[in-house]
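Student: Supplied in structure tokens, the structure appears directly below.
The values are calculated or read from the model by the stated rules, or taken from the named source; none is laboratory data. Everything numeric here is computed off the predicted structure, so don't read it as measured data. With ideal geometry, Cβ positions are generated from the backbone for all residues, glycine too; neighbour counts draw on all protein chains shown.
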Amino acid sequence: MALAILALGEDTKALMEAAGWYHEPVAAMLHKYRIRVTVINPLFIKQSGAGSICKVKTDKADAMKIAKYALDNWVDLREYTPIFSCPKIWMLSHLPSSIFSRAESH
């Protein structure tokens, strides 16, 4: 996928919605290939009103909304930083979930 994106030209950028941790491997790989990628909270796209006022929910309609948001806001969007380059966050993300459930029960 990264090679196909690179074939589009060196100014090609990627914007993806955050999806829990599921976006992380894709975003990290794009970053590794030096593709400028931004990961954004889906709520921002929804609140922007990108696209039509109709509540069409298809992959194609979602992709168009994300693309419109990217074009309208690219200057203000922050570049993605892989979680692995933030050691404290990376360590927290790999702690067993039982640690958090014990803390919540006290």
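Student: Ser52 is checked against (1) over 24 Å from Pro25 (Cα atoms); (2) at pLDDT 55 or above; (3) surrounded by 10 or more Cβ atoms within 10 Å (Cβ to Cβ) and fails just one. What number does that condition carry?
Tutor: That leaves (2) as the condition not met.
Student: Here's something else I'd like to know. Please work out which residue is farthest from Lys68 (Cα to Cα), limiting yourself to region 33-49 and to residues that are touching a residue at least 24 places away in the same chain (Cβ under 8 Å), not small (Gly, Ala, Ser) and not in a loop (DSSP other than H, G, I, E, B).
Tutor: First pass over region 33-49, keeping only residues touching a residue at least 24 places away in the same chain (Cβ under 8 Å): 33, 35-42, 44-45, 48.
Now drop any that are not not small (Gly, Ala, Ser), which leaves 33, 35-42, 44-45.
Retained after the next criterion (residues that are not in a loop (DSSP other than H, G, I, E, B)): 36-40, 42, 44-45.
Values: Arg36: 17, Val37: 15, Thr38: 14, Val39: 15, Ile40: 13, Pro42: 13, Phe44: 12, Ile45: 9 Å.
Here the residue is Arg36.
Student: Need the failing condition index for Arg102 against (1) modelled with pLDDT of 60 or more; (2) assigned to a helix (DSSP H, G or I); (3) over 22 Å from Ala2 (Cα atoms), just the number.
Tutor: Result: Arg102 passes all but (1).
Student: Scan region 11-32 residue by residue and report those that are under 18 Å from Leu77 (Cβ atoms) and part of a loop (DSSP other than H, G, I, E, B). Even if it seems obvious, please write down each step before you answer.
Tutor: Step one: list which residues in region 11-32 are under 18 Å from Leu77 (Cβ atoms), which gives 11-19, 23-24, 26-28, 30-31.
Within region 11-32, Asp11, Thr12, Ala18, Ala19, His23 qualify.
Student: For region 56-67: of the residues being under 13 Å from Glu17 (Cα atoms) and charged (D, E, K, R), which is surrounded by the most Cβ atoms within 10 Å (Cβ to Cβ)?
Tutor: Out of the qualifying residues, it is Lys65.
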